[in-house]
């Protein structure tokens, strides 16, 4: 009797397993309820929407003004999904704060159970409010970043477009070239949307530019696009228009940089006063009170206040200062 080779045995077993799985799948088809329970773990907003999306529809009127900010920020998410993510993340952070703060205060700091629970309840409310406010203002902050990026790049963007138009390049090819810049700039994402509207949705270049002007958060970029559209419509000299816009935006950029130097000096004084001198004086005062055995400030001891200032107050203060500095500083 001829012995079979191991490869033939493996192939035969694989074929039998494949046939068995096919029979099982045909016998027991996946029903709609089972398909609805399965989650797509591609991104957090999809998970939140599948969990509580139906329950958060009543909250949509409260967040209706966020829809335009979400569109202008470049976030590829629906308003309902974003509201679901906001509610889910806020409840999750509140639950974590309510469970961890009492344990931390009781075990590590030796505070009695009742004050620890009260601190945990207050901390959960703070976490709920802070997370909700953060999600509410994040699209506005991101759209402001997009706006500042577009306006910082406008002198160079219009100059680049003027060079291309002087070489006889069509508007479609200009925005295609802007979308393929390496490394990509803020204008590259706007140009990609224009190219998408033309190539994928079949819109003409005028309609795509009008849609981009309505969607963009930058007033200056909107005015430039509207002027460019008018120049194309009237058959005017696009090169002269873009050259003039480039010179105009460069003058405005010089003025803006001079104003930023004054703002930076004011921010540096605030930083020294609020985040260096002030906390240093508080640390010295609380340390002396702790060494001399001073009484508690209500139910809070000086040691706890010192830990709170060191591990929570200073990092949050520095984080807020960095956000303000990033929001006011030009990228170019």
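Any residue that is part of a helix (DSSP H, G or I) and over 21 Å from residue 50 (Cβ atoms) - is there at least one of those in the range 78-93? Outline the logic, then answer.
Pass one, the range 78-93, residues part of a helix (DSSP H, G or I): 79-93.
Applying the additional criterion that residues be over 21 Å from residue 50 (Cβ atoms) yields none.
There is no residue in the range 78-93 that is part of a helix (DSSP H, G or I) and over 21 Å from residue 50 (Cβ atoms).
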statement: residue 179 fails exactly one of (1) free of Cβ contacts under 8 Å to residues at least 60 places away in the same chain; (2) within 30 Å of residue 83 (Cα to Cα), namely (2)
field: Index of the failed condition, residue 217 passing every other in (1) assigned to a helix (DSSP H, G or I); (2) surrounded by 13 or more Cβ atoms within 10 Å (Cβ to Cβ)
entry: (1)
- prompt: Quick one: what pairs do we get from the range 194-217, first residue free of Cβ contacts under 8 Å to residues at least 12 places away in the same chain, second buried (at least 18 other Cβ atoms within 10 Å of the Cβ), C-beta under 8 Å, 6+ apart or different chains?
  reply: 203/197; 204/198; 207/197
- request: Would you check which residues across the range 234-259 are farther than 19 Å from residue 146 by Cβ and touching a helix residue (DSSP H, G or I) at 6+ places or on another chain (Cβ under 7 Å) and list them?
  value: 238, 239, 241, 242, 243, 245, 246, 250
message: Could you check the range 224-259 and list, in sequence order, the residues that are surrounded by 13 or more Cβ atoms within 10 Å (Cβ to Cβ) and within 29 Å of residue 67 (Cβ to Cβ)?
response: 224, 225, 226, 227, 228, 229
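Here is a yes/no grid of residues against (1) within 20 Å of the chain's Cα centre (by Cα); (2) free of Cβ contacts under 8 Å to residues at least 40 places away in the same chain:
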{"site": "82", "(1), (2)": "yes, no"}
{"site": "116", "(1), (2)": "no, yes"}
{"site": "125", "(1), (2)": "no, yes"}
{"site": "134", "(1), (2)": "yes, yes"}
query: Of the residues that make up the range 228-248, is at least one assigned to a helix (DSSP H, G or I) and closer than 15 Å to residue 330 by Cα?
result: no
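Where a number appears in this text, it was derived from the coordinates with a stated rule and is not lab data. Everything numeric here is computed off the predicted structure, so don't read it as measured data. Using ideal geometry, Cβ is built from the backbone for each residue, glycine included, and neighbour counts are taken over all protein chains shown.
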